[in-house]
Structure formats: structure tokens, C-alpha cells
């Protein structure tokens with residue numbers, strides 16, 4: 001991580017990662033519903049030490065005019081606000097924390113899900129037509145179509161026309177799957193079983209985009225489908241997972257037809273609670289035969 005942080009320290013990524021350090025040395029360098037805001041609990045101790053929004057004291061604005069208001073603001077968001085400076089320059093610790101978080105985001109995009117995790121839950125793997133990570137970033141459409149080998153594998157191994165089809169994908173954050181699947185996936189299966197819902201054959205999609213659920217829907221014809229996919233990482237959390245759900249996903253579905261629970265991680269929407277909630281939403285979709293903006297809450 002430190003090596004990545006150094007590698008990107010001269011990338012000119014903007015924000016407080018650009019310009020001079022405080023020692024004077026030049027080191028330039030649509031229609032969804034989201035739930036909760038937060039940061040990874042496992043990162044909180046490091047964040048406090050590095051002077052992140054959870055930190056206190058030396059790295060905050062000294063003697064704010066409205067101390068109570070500043071405290072409420074800092075506690076309401078993990079965003080980089082209220083950080084202090086040395087003259088006109090950001091503090092060294094703030095610069096280093098920015099670079100570290102930026103490197104973590106890059107790791108998430110370019111990383112791969114732990115194969116042992118997929119084996120643990122019996123998830124076989126198919127690929128989209130993305131080809132490479134660089135192509136995945138440049139051609140989002142290639143992540144919406146399962147490659148031909150994967151199509152044959154899905155048809156041969158998966159149960160057709162289930163009530164609920166569960167799919168997992170790395171998306172833009174492999175770290176999100178590694179960090180949350182062990183909690184959210186069993187919780188989801190328990191919730192489906194408690195509601196008496198029939199679950200199809202789950203599997204993993206490498207290089208998937210959200211709309212890959214429509215292609216899978218065409219192949220398996222499920223009543224509902226839930227896609228657990230890594231979110232685009234930011235500078236607060238690189239481990240955030242989303243659950244996209246759709247009633248009868250098929251070609252031609254639009255974004256407003258999908259329901260989403262986002263920001264699933266230990267500092268946002270708790271994974272265990274998210275799994276149970278996903279099950280209740282899928283049950284509601286089957287009852288109302290609708291999803292997205294058409295689903296009555």
C-alpha cells in the first residue's frame with residue numbers, strides 16, 4: 001500500500017495530494033435509492049491517527065468560532081472537512097492520508113476477489129466480455145454481456161426460472177466483495193429461506209456491470225434477481241458493496257426499474273442487516289410484481 005501511495009504521489013490527482021508539503025518540499029503530483037453514510041470501521045483507528053475526519057486535536061481547525069457546530073458537522077460525515085494547514089499548505093499527515101486512500105481505491109479497482117472466498121460459498125465463475133481492467137474502465141458496455149463460454153456454463157449449471165437468482169460480481173471494487181460477502185451472503189440466504197423463497201444456482205461474474213443482470217435474466221428467466229456488486233471506490237471507503245434488485249430482469253430494462261441498497265460495509269449499511277433487508281425487498285417484489293420506482297414501500 002505504501003508503495004502504491006508513493007507511486008501515485010506525483011500523478012497530479014488534484015485535491016490536497018497536489019502542491020508542496022508543509023516542509024516546503026515540492027511533491028506535485030439515476031434513479032436509485034442509496035442507504036446510509038459512513039466509513040470502514042476497520043479503518044477508523046488508522047484514520048484517527050492520520051488526521052482523517054475521525055481524528056481530533058492537532059489536525060483540526062483550532063478554536064472554531066462555533067465549536068459545537070463544527071463537532072456536529074465532523075460527526076455527521078467522514079468527508080475531509082475541517083482539516084488544518086501549515087500556512088497555505090495542507091499538513092503532511094493530511095497529504096499522506098489522501099495518497100494512502102487514493103492508493104486503496106486503485107487497489108480495489110485493479111484487484112481480484114480471493115478465489116478461496118468463492119470456493120467457500122460454492123460460487124463458480126463466469127466472465128463478461130471486458131477482456132482487461134483497462135478495457136473494463138473504457139468500455140462499460142463490455143461488462144454488461146456475459147462471454148460465450150460463460151453463457152454455456154450458466155445454461156448447463158444453473159437452475160432455470162427460479163424465484164430468486166443471486167449473482168455476485170467484483171464490479172469496481174474487488175475489496176468490497178472480500179470484505180463483506182461472508183456477512184451479507186449467508187444473511188441473504190437465511191432471509192430467503194425464512195420467507196420460503198426458492199433460490200436458484202448462485203455464481204460469480206468477473207468484470208460485471210450492473211446491467212449484466214439483464215443478460216443473465218434473459219438466460220435464466222428468474223422472477224427476481226439480486227446482484228451483489230462492488231461499488232466505485234472513493235477516498236472514504238474502498239470496500240463498499242451494492243445490492244441491485246430487479247423484478248423479471250430482461251433486455252430493455254432501464255435504471256428506474258431497479259431497486260438498490262448501497263453503501264454496504266461495516267461503517268455504512270451493516271452487511272448482516274443488509275442481507276436480511278434484501279430478502280424482505282425480494283419478497284415484496286414477488287408480491288407486487290414490481291421493482292424500482294414501481295415498487296410501493
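Packing here is the average count of other Cβ atoms within 10 Å per residue, and on that basis the peptides 166-177, 227-238, highest first, run 166-177, 227-238. In this label model, residue 121 and residue 135 are separated by 2.7 nm, measuring between points 7 Å along each Cα→Cβ vector. Counting 0.36 nm for each residue step from residue 114 to residue 290 and taking away their Cα separation leaves a gain of 59.9 nm. Here 75, 291 are placed in order of increasing Cβ neighbour count within 10 Å, fewest first, which gives 75, 291. Computed packing ranks the peptides 239-247, 76-84, 271-279 as 239-247, 271-279, 76-84, most packed first, by mean other Cβ atoms within 10 Å.
Taking only the C-alpha atoms of segment 115-294, Rg followed by Dmax gives 14.8, 42 Å. Reported to the nearest whole Å, the Cα centre-to-centre distance from segment 72-100 to segment 179-235 is 36. In segment 106-214 the Cα-Cα distances spread across 5 Å bins starting at 0 as 2, 12, 21, 23, 21, 13, 5, 2, 0 percent of all pairs. When you restrict to C-alpha pairs under 8 Å that are six or more residues apart and normalise by the size of segment 115-294, the relative contact order lands at 25 percent.
Reported to the nearest whole Å, the Cα centre-to-centre distance from segment 105-154 to segment 255-280 is 21.
Just so you know, all these numbers are worked out from the coordinates, no wet-lab data involved. Computed from a predicted structure; not experimentally measured. For neighbour counting, all protein chains shown are included, and Cβ atoms are generated from backbone atoms with ideal geometry for every residue, glycine included.
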